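Asker: So that we are looking at the same thing, I have put the structure below in structure tokens.
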Amino acid sequence: MTGTPEQPTSPIRLHKQLSAIWDTPPGLGRLGAVNHTILGQRFIIAALIFFAIGGLLAMLIRTQLASGASPFMDAELYAQVFTMHGTIMMFLFAIPLFEGIAIYLLPKLLGARDLAFPRLTAYGFWCYIFGGTMLIVALIAGVAPDSGWFMYTPLSSSTYSPGINADVWLLGITFVEISAVSAAVEIMVSVLKVRAPGMSLDRMPIFAWYLLVVAAMMLIGFPPLILGSILLELERAFGLPFFDPTRGGDPLLWQHLFWLFGHPEVYIIFLPAAGVISTLIPVFAGRALTGYRTIVVAIIALAFLSFGLWVHHMYTVGIPHLALGFFSAASAMAAVPTAIQVFAWLATLSHGRPRLTVPMLHIFGFFFVFIMGGLTGVMLAMVPFDWQAHDTHFVVAHLHYVLVGGFIFPMLAGLYYWLPHATGRLAVHNLSVPAFWLVFGGFNITFFIMHLTGLRGMPRRIHAYPADAGWEVLNLISSMGSFIMTIGFALIVVDVFLQIRFGRRFRRDPWKSATLEWAMPTPPPSYNFAALPKVERRADGLKPQEIGPQLAAGHGYLGFVRQGRMETLGVSMLTGKAEQVIILPGQTNLPLYTALATGCFFLAMLFKQYWAVPIALLAMLALFLLWTRVTGQRSDTGSLPIGMGESVPPHAECDEAPSWWAMRFILTANATLYASLLFGGLFLWVSAPNWPPADLPALGIVLPVLTALALLTGVASGRRAVSHYDNRSAGWLVLCGLAQAISCALLVWLALTAIPAPTGHALSATSFVILLYAALHCFLATVFAGYGLWRIKAGYVSPARLLDLRIGRLWQDYTAIAGLIALVFVAAITRLAAEGSLS
Amino acid sequence: MIALKQPATTLLVATGFIIWSVAFIALYGGNAVGCRLGWSEIELAGGITLQRLMLVGLYALSLAAILLFSLWMHRRYRSAGRTSEATDFIYRVARDGGVAAVAATLFCFTLVFWLSPC
């Protein structure tokens, strides 16, 4: 491998050279797109299509409720419609829209050519599309989920929902959540490692801080929901009674797992929108953002507080006063960091000279609507008030004020701000202004009224109500408002179409902004920047008009092509010093094929074709292994020139390569899922009725000790293979693989023989799942050991290129810890249950 | 002064609230386990139950840990020989985050002194 760059002779030639490498091929080649600009746009378009479907369902709801005894829908159909409305808006619109914006913008804001893992982005996109399609097809077929968007048990258990409706939700949403977790890993690694040189953490644009915090929240917030969905599906499909109180389960466990995800989800939706506001207000105020550092502190605080208030959705289920106090206080406290941001925005506006553009119009809409939603949120955080308003339309009004105020209006502001970036055209018509007022007015007519119907006692989720309840006139006004709002959204669609088709072209940076995404031609080229900038000040105080032409001419880092490779730079996390050349993989259909195999797994589960499940899983594993064919290098290259007189090694020869960080973050999400499972077991012991069971697990001594020894041998040999890499490392990996295979077999044996029938009691079911979780990790640890061996034999590993083995070592470490915890936990909870049976 | 690696330094920005989260889990989980094991029935002295003692002890420990962390960050920020603007920024964010976590601890958990635990 030679590291000599090919020097271009002109900006046009450089553009052509880079385009030849980075462009996505036409025709069927589009299916193999991995470029972040294309995938970001696809995410956004798909999310908006789902928004239209969700909005249509909302119109059906309002049509039904316009009068007290409407024959429009019966109760069963109405249940499907409101369930799918909430599900689509939360899982198929809000989160994916934010993901799309992050995927499209992040590398551009950070001065990079792409995200850290382009193929992972593509895989996430296909999982989102296929999972979402499952749900929509179910809706069309009349078998959509109908237990509400939070799928409370026992309503969603097989006793009360015997069809596949609930399975569609559990499996479809889990499928979609793969894209959320993969996006979280992608965003975290990209923000921390894939930035322009010189962009230290304190120089990042504020939006990058928001995205970093939100991605971390997703990494911790989604696993409890995924676990809950797995457990409920195990109960529905195989009878493992996690939520069945007659067999030691507890429906409240579902509520805990769901809201452990569900409340942070609100902030996961709000914070990116707040990031858009923090980006746009300084541009239109003509002044730097007030309190940059304070805002960073506030969003970190908000992220943590949002995880400490999930029980405020469960005030009425019977929880001790002290616990209620914790959650009520944390709920009220969350208003403080939110208010800090609001005051920082107001201070920025008041110190600047605001321009009243269309994006600013939507930001003012945000201020009005979101702050009202925040105030009713503080009311609902108070336990006595919540007991009165629980499950009424007051709550529906509150959540729409928060979500529409805190997400839709900022996103519309962002749409109008960045649409010229994607299209290269500016609006020439003024439809956007009446469209805003229709949406704003229609929204307030629709939802302000719901506060009143809620305070008059109207419960949510009813499809009919008595004529003498005094709710009919209010509901009719509400429904009329919703139609006005819909006309507004339709006008926005027309306006966007006109802008894309007939808009006025412009040169660069039409808003006089100060961030890097405008320092590139618009629409953006596939490689973003012909050369990467050196950032010497905070990256939201730059001058794109001056920087852009310099970068286009190749003045900066990597202002050349090298061996036809897709290259961007990795930096040290804190200081932003150039650290590695990240060599990205090219276009490939593998993400699509892997997502199809993943889809086969979910469909096999849905239609109970369990014979196909292992085949689909093995196909997924094989396809993921195929991803590695084009990664790595077979010889050491040492440092490569990157321009500006600097040289850094390729990522395969670097200690902190992006994939090493990705594995750490994946394990963090995995550990959260595991901790949630252990919490579930402990929760059932503490709270569930019908404990202890008649039959207790009996692990004995010998097999757990042998398993522990095998686990420790596996991790020790795996570590030894990497820590002193030499010609014996392959042998150590063989030992590691063998030890992990033995651990796997022993754990499966324990699960099958030492645990009473898992369908008999929740204790057995929990122990069974915990042991199988550990066994699955041992199996994958064996695969990692085998993969390491293959990489050594194929010449991808040397003392300077240990990345593959170091990633495997992380998995081996986690497996050993998880396996030992599994053995100890099952023994301990059995002992606790046994003591309960004695007392 | 203890030298920290860059990723560890970056993690400092969240450390105050990480301690707060651990305290939350310990107090909420500890309270549930204590109720299950009947610690609220075990009176030690002067009407103080084992449950209350455990909760107050966890509360005091958490508060002390976050306070110490905030002081440590304050000293690191104020000390001479700072390495870079980025490091200064991290220490200031970590310190301010620690102070916010102290406020959150006082506001959310002081209830352990008087509310009925079970």
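Asker: Quick check on the range B:1-58: of everything there that is part of a strand (DSSP E or B) and not small (Gly, Ala, Ser), which residue is surrounded by the most Cβ atoms within 10 Å (Cβ to Cβ)?
Answerer: B:Thr49
Asker: Only one of (1) of a type outside the set (A, V, I, L, M); (2) in contact (Cβ under 8 Å) with a residue 60 or more places away in the chain; (3) out of contact with any helix residue (DSSP H, G or I) (no Cβ under 9 Å at 6 or more places or on another chain) fails for A:Pro384. Which number is that?
Answerer: The failed condition is (2).
Asker: Another question about this same structure. Out of all the residues in the range B:85-92, is one or more in a helix (DSSP H, G or I) and away from every other protein chain (no Cβ under 12 Å)?
Answerer: No, the range B:85-92 contains no residue that is in a helix (DSSP H, G or I) and away from every other protein chain (no Cβ under 12 Å).
Asker: Looking at this structure, is A:Ile582 on the phi < 0 side of the Ramachandran plot, away from chain B (no Cβ under 14 Å) and surrounded by 22 or more Cβ atoms within 10 Å (Cβ to Cβ)?
Answerer: Criteria met by A:Ile582.
Asker: Against the definition (modelled with pLDDT of 90 or more, in a helix (DSSP H, G or I) and surrounded by fewer than 18 Cβ atoms within 10 Å (Cβ to Cβ)), how does A:Val715 come out, yes or no?
Answerer: Against the criterion (modelled with pLDDT of 90 or more, in a helix (DSSP H, G or I) and surrounded by fewer than 18 Cβ atoms within 10 Å (Cβ to Cβ)), A:Val715 does not qualify.
Asker: Of the residues in the range A:65-97, how many are crowded, with 20+ Cβ neighbours inside 10 Å and among the hydroxyl-bearing types (Ser, Thr, Tyr)?
Answerer: Matching residues across the range A:65-97 total 3.
Asker: Give me a count of the residues in the range A:303-314 that are more than 10 Å from chain B (Cβ to nearest Cβ) and either in a helix (DSSP H, G or I) or touching an Asp or Glu at 6+ places or on another chain (Cβ under 7 Å) (or both).
Answerer: The number of residues fulfilling the criteria is 4.
Asker: A further question on this structure: How many residues does the range A:157-198 contain that are among the small types (Gly, Ala, Ser), in contact with a helix residue (DSSP H, G or I) (Cβ under 9 Å, 6 or more places away or on another chain) and within 30 Å of A:Gly111 (Cβ to Cβ)?
Answerer: Of the residues in that region, 7 qualify.
Asker: Just one of the numbered conditions (1) touching a Phe, Trp or Tyr at 6+ places or on another chain (Cβ under 7 Å); (2) surrounded by 24 or more Cβ atoms within 10 Å (Cβ to Cβ) is not true of A:Cys778; which one?
Answerer: (1)
Asker: Right, another one. Restricting to the range B:102-113, name every residue that is more than 11 Å from A:Met333 (Cα to Cα), within 9 Å of another protein chain (Cβ to nearest Cβ) and of a type outside the set (S, T, N, Q).
Answerer: Within the range B:102-113, B:Phe109, B:Leu111, B:Val112 qualify.
Residue by residue, here is whether (1) hydrophobic (A, V, I, L, M, F, W, C); (2) within 29 Å of A:Pro264 (Cα to Cα); (3) out of contact with any strand residue (DSSP E or B) (no Cβ under 9 Å at 6 or more places or on another chain) holds:
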{"position": "B:Ile18", "(1), (2), (3)": "yes, yes, yes"}
{"position": "B:Ile25", "(1), (2), (3)": "yes, yes, yes"}
{"position": "B:Val33", "(1), (2), (3)": "yes, yes, yes"}
{"position": "B:Glu43", "(1), (2), (3)": "no, no, no"}
{"position": "B:Val56", "(1), (2), (3)": "yes, yes, no"}
{"position": "B:Ala64", "(1), (2), (3)": "yes, yes, yes"}
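Asker: Still on this structure, I have one more. Can you name the residue in the range A:630-655 that is surrounded by fewer than 20 Cβ atoms within 10 Å (Cβ to Cβ) and among the charged types (D, E, K, R) and, of all such residues, is farthest from A:Leu803 (Cα to Cα)?
Answerer: So the residue we want is A:Glu646.
Asker: Go through the residues of the range A:818-829 one by one and say whether even a single one is of a type outside the set (D, E, K, R) and more than 23 Å from A:Ser743 (Cα to Cα).
Answerer: Looking for residues that are of a type outside the set (D, E, K, R) and more than 23 Å from A:Ser743 (Cα to Cα), one finds none in the range A:818-829, hence no.
Asker: Something else: Can you confirm whether the range A:676-686 contains a residue that is loosely packed, with under 15 Cβ neighbours inside 10 Å and free of Cβ contacts under 8 Å to residues at least 12 places away in the same chain?
Answerer: Within the range A:676-686, not a single residue is loosely packed, with under 15 Cβ neighbours inside 10 Å and free of Cβ contacts under 8 Å to residues at least 12 places away in the same chain.
Asker: Right, here's the next one. Taking the condition of a type outside the set (A, V, I, L, M, F, W, C) and crowded, with 17+ Cβ neighbours inside 10 Å, does B:Thr110 pass?
Answerer: Judged against the criteria, B:Thr110 is not a match.
Asker: Only one of these is within 14 Å of another protein chain (Cβ to nearest Cβ) and not in a helix (DSSP H, G or I): A:Met199, A:Met188, A:Met217. Name it.
Answerer: Answer to the check: A:Met199.
Asker: Follow-up. What are the residues in the range A:337-395 that are of a type outside the set (A, V, I, L, M, F, W, C), more than 30 Å from A:Arg456 (Cα to Cα) and more than 14 Å from chain B (Cβ to nearest Cβ), if any?
Answerer: A:Thr348, A:Ser350, A:His351, A:Gly352, A:Arg353, A:Pro354, A:Arg355, A:Thr357, A:Pro359, A:His362
Asker: Is there a residue in the range A:227-239 that is touching a residue at least 40 places away in the same chain (Cβ under 8 Å), among the small types (Gly, Ala, Ser) and within 14 Å of chain B (Cβ to nearest Cβ)?
Answerer: no
Asker: Among the residues of the range A:309-325, are any closer than 20 Å to B:Thr105 by Cβ, modelled with pLDDT of 95 or more and surrounded by 21 or more Cβ atoms within 10 Å (Cβ to Cβ)?
Answerer: For the range A:309-325, residues closer than 20 Å to B:Thr105 by Cβ, modelled with pLDDT of 95 or more and surrounded by 21 or more Cβ atoms within 10 Å (Cβ to Cβ): absent.
Asker: Out of B:Ile18, B:Ile25, B:Ile66, I need the residue that is of a type in the set (Val, Ile, Thr), under 22 Å from A:Leu309 (Cβ atoms) and more than 10 Å from chain A (Cβ to nearest Cβ). Which one?
Answerer: Criteria check complete, one pass: B:Ile66.
Asker: Give the residues of the range A:653-702 that are among the aromatic types (Phe, Trp, Tyr) and within 14 Å of chain B (Cβ to nearest Cβ), sorted by residue number.
Answerer: Within the range A:653-702, A:Trp660, A:Trp661, A:Phe665, A:Phe679, A:Phe683, A:Trp685, A:Trp691 meet the criteria.
Asker: Need pairs with beta-carbon distance below 9 Å; first residue within 12 Å of A:Ser798 (Cα to Cα) and at pLDDT 90 or above and within the range A:629-641, second part of a loop (DSSP other than H, G, I, E, B) and polar (S, T, N, Q); sequence gap 6+ or separate chains.
Answerer: Matching pairs, first to second residue: A:Thr637/A:Thr2.
Asker: Quick check on the range A:755-787: of everything there that is of a type in the set (Val, Ile, Thr) and either closer than 15 Å to A:Val826 by Cβ or modelled with pLDDT under 95 (or both), which residue is farthest from the chain's Cα centre (by Cα)?
Answerer: Filtering the range A:755-787 for residues that are of a type in the set (Val, Ile, Thr) and either closer than 15 Å to A:Val826 by Cβ or modelled with pLDDT under 95 (or both), the one farthest from the chain's Cα centre (by Cα) comes out as A:Ile755.
Asker: Any idea which residue in the range A:291-302 is farthest from B:Ser21 (Cα to Cα), counting only those that are of a type outside the set (Gly, Ala, Ser), facing another protein chain (nearest Cβ under 8 Å) and crowded, with 24+ Cβ neighbours inside 10 Å?
Answerer: A:Val296
Asker: Has the range B:39-55 got any residue that is over 19 Å from A:Val296 (Cα atoms), at the interface with chain A (Cβ under 9 Å from one of its Cβ atoms) and at pLDDT 90 or above?
Answerer: yes
Asker: Among the listed residues A:Ile49, A:Ile44, which satisfies the condition of being surrounded by fewer than 20 Cβ atoms within 10 Å (Cβ to Cβ) and at pLDDT 95 or above?
Answerer: A:Ile49
The values are calculated or read from the model by the stated rules, or taken from the named source; none is laboratory data. Since this is a predicted model, take the numbers as computed values, not measurements. Here the Cβ is made from the backbone with ideal geometry for all residues, glycine too, and neighbour counts use every protein chain on show.
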